[in-house]
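Encoded as structure tokens, the structure appears first; notes follow it.
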């Protein structure tokens, strides 16, 4: 018989389920193997579906893409826990609940071309690659891009490609995009991102509202007009470099 792992977890949280304290996870392994496929199904049933993420396409993406491939090897045992897992400096995976809600809000179509800004380990890009025709994962660190490319190849994700570039500028030469996901919380949304949307294109981004909480905004382009609605509150990792500029008054 395969025994389940013994898990000790201390998770200090507040607000919209956001971890603000130390997270300590320790697993004790003996005579068992991790059944990641089973853990993936449990995650979908207990973290995704129960939070009104019932889109067939989104559920299929979460059920198919192996989350454990996109976390550090030392954290693979906790890949499907309800945690934000740091994958690199200033990069972390969103809670499945929050990422699922954002993907639902996109109403992505199979023919869409997508861009993920600040893609980190590439998990959100892989999910969009499962849902749309093509996705570019943009990062400003060449090492992160190289790692993403390796992960996409490992899971056979031909629809996703990693690209190195300036996050604030986006990829104007590759646009326009039908879907743009900003994989982190920002204070301000650069106009350059909005300008790269196709007509009818959507940009999903979490904008800080203070005290570590943000509002998930879904922008939509109609000609030269941009409008947004706020879909839900969440607190994904902060994306450095997009803080509101401090104004000095003399």
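Please arrange 220, 245 by how many other C-beta atoms lie within 10 Å of their C-beta, fewest to most. Walk me through the intermediate numbers first.
Values: 220 17, 245 7.
Ranking 220, 245 by Cβ neighbours within 10 Å, fewest first, gives 245, 220.
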Note to self: C-alpha centroids of the range 149-163 and the range 39-59 sit apart, in Å, by 23
Rounded to whole Å, √(5λ) for the Cα gyration tensor eigenvalues of the range 53-193, largest first, gives 20, 18, 15
Distance in nm between residue 227 and residue 107 label points, each 7 Å along Cα→Cβ, equals 1.2
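Got a sec? How would 86, 230 order by Cβ neighbour count within 10 Å, fewest to most? Before the final figure, lay out the partial values.
Numbers: 86 17, 230 13.
If I rank by nearby Cβ atoms, fewest first, I get 230, 86.
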From the Cα centre of the range 76-133 to that of the range 175-250, the distance in Å is 16
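So if each residue of separation counts as 0.36 nm, and I subtract the Cα-Cα distance between residue 42 and residue 64, what length gain in nm does that give?
On the way: separation 22, 0.36 × 22 = 7.92 nm, distance 1.27 nm.
Net length gain for the segment: 6.6 nm.
Computed from the coordinates by the stated procedures, all read-outs in this text should not be read as laboratory data. This structure is a prediction, so every number in the text was calculated from the model and none was measured. Cβ coordinates were reconstructed from backbone atoms using ideal geometry, including for glycine residues, and neighbour counts include every protein chain displayed.
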